[in-house]
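Below: the structure, in structure tokens.
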Amino acid sequence: MLASRLDGYLARRALFGRAPAAVSAASLRYVATPHGLVRTFDTATGKPCVLLVPDGPNVIEHYGRLIQLLKDDFRVVCFDMPGFGFSLPDAAYRHSLDQGAQAVLQVMDALDIPSATLAFSCANGLYAIRAACIAPGRVNSLFLAQTPSLRAMHAWTSRMIPWPLRVPVLGQLLAWLFRKKLAHAWYRTALPKNTDSAPFREIAGRAFAAGGCFCLAGVVQGLIKETPAAVAGVEIPCTMLWGSLDKSHRQTAPESLLDCVPHAEIIRMDGCGHFPDIEQPERYAQLLMAHMQKLA
């Protein structure tokens, strides 16, 4: 509990005296949820709904191109999860699977979204799977990217996340103090060698300068306690994209997702790293549209 309180305090302290509107647009709004104040983008149409959630340190602004590609066919909602971007976590928000799934459903409630396809990536994909487990009538399908099984995610954490970040309180302090350096280092690891990381870093840098948060330690500590049973039993349609040039996942088998979603379709994206949705938005949009057409 102390670690989550510290995360909430540091997130608010980063915003003190700053205006998040510096990176906002007219279509962005905040919605209050029991797990925190969540910043959302909503095209607010009556079309089938697709929910996008940035994989930190990415924020809503990284998704401008993808939203433009999708908005004519879908109601597109994009929001930062509590503890990332400008979504401030509640003091009791520990980034558990249940809390993350509830946060997603709470945003849907606040925006009057009866059901949607969840297009999430990396650890956020596990929150999407959990949301489908506890509220199957609200989740039409899953369109994931770079989301392995929970067991594989635990192994990835042991390999890729420095041990101090896994220690409650200490991890929160270090993640906050070094959030910019952690973000820049992550882009170097997550993106292919031939990809210019400057545009990604520039948008993230503007968010940090305006008070954006990056509660990496909170997510790591929250998910490491979870068991595979929490993400088992999903029966809705599921597609996962896998960037083959993601250096962080060299030792991760994308097929590990089948442990919790046995029927998932896995599509490898050659030439892509950890962020298929914003590295190759045109191809991502085409694959998402093909996925959605199967639901019609």
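We did not get these values from a lab; they are worked out from the coordinates using the rules stated. Remember, it's a predicted structure, so these values are computed and weren't measured experimentally. Don't worry about glycine lacking a Cβ; one is built from the backbone with ideal geometry, like all the others, and counts go over all protein chains shown.
About its Cα centre, the dipole of the chain is roughly 920 debye, where the only charges are +1 on Lys and Arg Cβ and -1 on Asp and Glu Cβ. Remark on Met269: its backbone amide H falls under 5 Å from those of Trp242, Gly243, Ser244, a criterion applied only to residues 5 or more positions apart or on other chains, H modelled at 1.01 Å from N. Taking the centroid of alpha carbons for each part, segment 139-208 and segment 79-132 are 17 Å apart.
The peptide list 260-266, 119-125, 206-212, put in order of mean Cβ contacts within 10 Å with the highest first, becomes 119-125, 206-212, 260-266.
Residues whose amide H lies under 5 Å from that of Phe275, counting only those 5 or more places away or on a different chain, are absent; hydrogens are built 1.01 Å from N in the peptide plane.
Set the Förster radius R0 to 51 Å, insert the Cβ-Cβ distance between Asn194 and Met1 as r into 1/(1 + (r/R0)^6), and round the FRET efficiency to 0.05. Using R0 = 51 Å, I get an efficiency of 0.70.
Charging the Cβ of each Asp and Glu at -1 and of each Lys and Arg at +1, and nothing else, the dipole of segment 219-296 about its Cα centre rounds to 100 debye. In deg cm²/dmol and to the nearest 500, what is the mean residue ellipticity at 222 nm of the chain if only DSSP H runs of at least 4 residues count, each as -39500 (n - 2.57), divided by the residue total? Counting only the DSSP helices, I get -12000 deg cm²/dmol. Packing-based ranking of 76-82, 147-153 yields 76-82, 147-153, ordered from highest to lowest mean Cβ neighbour count within 10 Å.
Positive end of the dipole of segment 173-296, charges at C-beta (+1 Lys, Arg; -1 Asp, Glu), about the Cα centre: which of Trp242, Ala290, Gly218 has its Cα farthest in that direction? About the Cα centre, the residue reaching furthest to the positive side is Gly218. Taking the Cα centre of segment 59-188 as reference, the dipole from Cβ charges on Lys and Arg (+1) and Asp and Glu (-1) amounts to some 660 debye. Under 5 Å between amide hydrogens, built in the peptide plane, is the criterion, and for Thr33 it picks out Val38 among residues at least 5 positions away or on other chains.
Between the listed residues Ala103, Gly8, Val77, the Cα displaced farthest toward the positive end of the dipole of segment 2-295, a dipole computed from Cβ unit charges relative to the Cα centre, is found at Gly8. Look at the Cα gyration tensor of segment 47-122: its axes a ≥ b ≥ c give a/c of at least 1.5 with a/b at or below b/c, and that counts as oblate. For the chain, DSSP calls about 40 percent of its internal beta bridges antiparallel.
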